[in-house]
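Remarks on the structure that follows.
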Amino acid sequence: MTNKLKYFIGNWKMFGDFSSIKIIYQLNKFCISHIKISKKNKIIICLPSTLIAHFKQKLKSKFISLGAQNCHHYPDSGSFTGSVSAAMLKNVGAEYIILGHSENRAEGETNKIIKEKIKISLSKNLNIIFCIGETANEKKYNKTFSILRKQINECIAKNFNTKKIMIAYEPVWSIGSNKIPKSDELSLIINFINKQLKKTFKNKIKPKVLYGGSVNSKNIKKFQLIEQIDGFLIGSASRSSKNFIDIIKNYYK
Ligand code: PGA
């Protein structure tokens, strides 16, 4: 295994209340007592917007950063009932933001809107976790590569700051389904994404590439063999400290 820093990112989705901070306290305890492992990875928990300010205030950790899960594509304040802006999320303590998640795409978010959100979030100094991935139907009709190419090309511009963007490859059919891609197929796809990114960004530092979709403590070992994966976006298994810690432990076993 290389010594490259690996990312373990939790996506809590629409879960959690103030008491859920105990999950993060447990994670922090684990990090403190496993310094060797902690030095090799970075933990980020992407929270519902309602929890960010409170958790930021309570959590004193050099191991764990907090993130948000989406924002409006309008830069600052505006008449958008029920929405929050990137500036607001940054202001309450988010350092990262998930954008382009398939659950938001399913509600009508287009590549054009996602590009705006990435641009605005970068301008507010947020780090981007940009999700891409094909649906089951697109996979069936061999459209995976063309969909990924389109999502990359239409959502990220050449002049974006690559140091602040990570790509999370999340096949839509894998999210919450307990199905994961075959290792050889996943390797090919990660290589393809890396090639596309190199094409787009030429001499700039290439964004990191993560995998997301049904990652758990039992299947994490399979991903460990694919060196090119820089980390993981973890949904349901990130809402239990035991599951999250077991994923990290098993990855380094
Ligand atoms: P999952 O979700 O780990 O529950 O499949 C991943 C995600 O949606 O980011």
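Throughout, read-outs are computed from the coordinates displayed, never taken from laboratory work. Since the structure is predicted, the reported quantities are computational estimates derived from the model, not experimental observations. Ideal geometry is used to build each Cβ from the backbone, glycine not excepted, and the neighbour counts take in all protein chains shown.
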### Task
Taking a cut-off of 18 Å between Cα atoms, list the aspartates and glutamates near LYS199, but don't count ones fewer than 8 places away on the same chain.
GLU154
### Query
Add -39500 (n - 2.57) for each DSSP H run of 4 or more in the chain, then divide by its residues: what number comes out at 222 nm, to the nearest 500 deg cm²/dmol?
-11500 deg cm²/dmol
### Task
Excluding LYS42 itself, calculate the net charge of residues whose Cβ lies under 12 Å from the Cβ of LYS42, where each Lys or Arg counts +1 and each Asp or Glu counts -1.
+4
### Task
May I ask you to compute the full-extension gain from ILE32 to ILE205, defined as 0.36 nm times their residue separation minus their alpha-carbon distance, rounded to one decimal in nm?
59.2 nm
### Selected from ILE21, SER33, SER146, residue furthest toward positive end of dipole (the range 6-251; charges at beta carbon)
SER33
### Query
Over the chain, what relative contact order in percent results from Cα pairs under 8 Å that are six or more residues apart?
20 percent
### Task
Could you give the size of the charge dipole of the range 130-198 about its Cα centre, using +1 on the Cβ of each K and R and -1 on the Cβ of each D and E, expressed in debye and rounded to the nearest 20?
220 debye
### Query
Can you work out D for the range 108-240 in µm² s⁻¹ from Stokes-Einstein, where Rh is the Kirkwood radius over C-alpha pairs, the temperature is 4 °C and the viscosity is 1.567 mPa s?
85 µm²/s
## Note on the structure
Neighbours of ASN159 by Cβ distance under 11 Å: Lys/Arg at +1, Asp/Glu at -1, summed charge +3
## Note on the structure
Taking Cα pairs closer than 8 Å and at least 6 residues apart, the relative contact order of the range 94-189 in percent is 32 percent
### Charge dipole (debye, nearest 20) of the chain; +1 at Cβ of Lys and Arg, -1 at Cβ of Asp and Glu
1000 debye
#### Entry: Furthest towards positive pole of dipole, SER123, ILE175, ILE245, structure part the range 6-251, Cβ charges
ILE245
#### Entry: Euclidean distance of C-alpha centroids, the range 42-62 and the range 71-115, integer Å
18 Å
### Task
Choose one answer from GLY231, GLY82, GLY93: the residue with the largest mean-square fluctuation in a GNM of the chain with alpha-carbon springs under 10 Å.
GLY82
### Query
Any idea which of LEU66, THR135, SER77 is furthest toward the positive side of the dipole for the range 52-138, if Lys and Arg beta-carbons carry +1 and Asp and Glu beta-carbons -1?
LEU66
### Task
Anything over 20 Å Cα to Cα? Flag those among LYS117/LYS158; LYS139/LYS198; LYS4/LYS56; LYS40/LYS195; LYS29/LYS249; LYS218/LYS242, in the order listed.
LYS139/LYS198; LYS4/LYS56; LYS40/LYS195
### Query
Within a Cβ distance under 11 Å of ASN111, other residues only, what is the Lys/Arg minus Asp/Glu net charge?
+2
### Query
In whole Å, how far is the Cα centre of the range 218-253 from that of the range 11-37?
14 Å
